[in-house]
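Values quoted throughout were computed directly from the atomic coordinates according to the rules given, and no laboratory measurement underlies them. Since the structure is predicted, the reported quantities are computational estimates derived from the model, not experimental observations. Quick reminder, even Gly has a Cβ in these numbers, built from the backbone with ideal geometry, and neighbours come from all protein chains shown.
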Amino acid sequence: MTQLTDTHNNASDGLQTLFKNLPGMAYRCLNLPHWPMSFVSEGCEALCGYKSQELESQSILWGEFTHRHDVAEVDRQVRAAADLGQPFEVEYRIVPHTGPHKWVWERGRVVDRLEDGTAIIEGFITDITSLRHAERMVNEQREQLAHVERLNTLGEMTAAIAHELNQPLTAIAMYSQSAKLLAQQGLHEKLLEVMDKVAQQSHRAGAVIERMQAMSYQSSHQQDEVNPTALLREIKDLAEIEAQVRHFTIDLKIPQHLPLISCDPIQIQQVILNLLRNGMQAMQTNKCPPGSAIELSAALDLGAAVEQQQLWIKVTDQGTGIEDDMADKLFLAFASNKHTGKTAGMGLGLTIGKAIIEAHGGRLNYRNLTPNGTEFYFNLAITTQARS
């Protein structure tokens, strides 16, 4: 009996040592409003500023200092997992007894139930505030680098932009001269027709400038509900400026009805424009004849459950393809120029593009085609039902 008691005491001492060494707090609670605790480990006070006795006596409840904007969502996720008998993981904010609010990560699961069916949960909570701050800094640096790359892309497209603007401006000058002559001759009906053409060319030039300005803006760091049909058509219009200079065409293939997607439209525009420009450069390296097409397409992944359906966007070129020795480093900084044969530029397009897509919860990848060419593809989350 003494040996059994000693073994129990040793195990208990071992658990206490383990709890002391944990970077956070172990707990047992009831899955009731604000999660009344029956046990918390010693890490409690360092984590939230309250002593373990205060939580175990339930004079203060964990949910009472969970951030008011997070408590309902945490409760929803925990109850959903408890109903299914599955473990849960949640990240949320708490407001400690003293000091600024903290971000915490919690993992737990139902270990038993009371006679009335109330779930008993055991789990662990740890401070991830420093990790959240680091993630925010990385995101901000990625945004700044992406903005620099967008400006660099606009700089590389200067010749193509000038060429695109020169056509409507030349037409405006010619139509203006004609309008002057018609006004002198009193031919008012023909004058109105010419002025309509001047307005059309002005709108054409204005649209080019507007697309350039949109791309130069610093991203808003926010994901919005976006109509992908309109977004892809705008990107095609922007990329066609360079395609015409290179004597290629852009073939846009999209279904008639597409659902809204969740994304930052400026960032997604940057990714697709970079893929199109890389593809056209690869086609020039492959000496594709004038009139050759690079394809921009979109398709729904209908095989998954409704809440998991994705929109896949693809850029397919007729270039030389990706060499085997580039497969492992294509998305690394300063390595992507080898795909296109381009010697100028920052060499960060694919690196930034991959980071942008992953920040959207998707993945950017590629496949070589037979007999030649490359298809780059990525996915974005769908938010609503189809729209035309």
(request) Set the Förster distance to 51 Å, then compute FRET efficiency between L84 and N372 from the Cβ-Cβ distance, nearest 0.05. (result) 0.55
(message) Can you tell me the convex hull volume per residue for the stretch 55-112, based on C-alpha atoms, in Å³ to the nearest whole number?
(response) 89
(request) Give the Rg (one decimal place) followed by the Dmax (whole number) of the stretch 17-127, computed from C-alpha coordinates and expressed in Å. (result) 13.0, 40
(request) Mind giving me the FRET efficiency for A134 and R113? R0 is 22 Å, r the Cβ-Cβ distance, nearest 0.05 is fine. (result) 0.05
(message) Along the Cα→Cβ direction, 7 angstrom out, place labels at L192 and Q144. What is the inter-label distance in nm?
(response) 5.7
(message) Given points 7 Å out from each Cα along the Cα-Cβ axis, report the S202 to L151 separation in nanometres with one decimal.
(response) 3.2
(request) Step through the table entries K236/K314; K314/K354; K329/K354, compare each Cα-Cα distance with 19 Å, and write down the pairs that go over it. (result) none
(message) With 10 angstrom as the radius, rank L364, L145 by how many other C-beta atoms surround their C-beta, starting from the fewest.
(response) L145, L364
(message) Quick check: pseudo-label points 7 Å beyond the Cα along Cα→Cβ at D328 and T383, how many nm apart are they?
(response) 4.0
(message) Using Cβ counts within 10 Å as a stand-in for footprinting exposure, how do F39, F378 rank, fewest first?
(response) F39, F378
(message) With 10 angstrom as the radius, rank M174, M25 by how many other C-beta atoms surround their C-beta, starting from the fewest.
(response) M174, M25
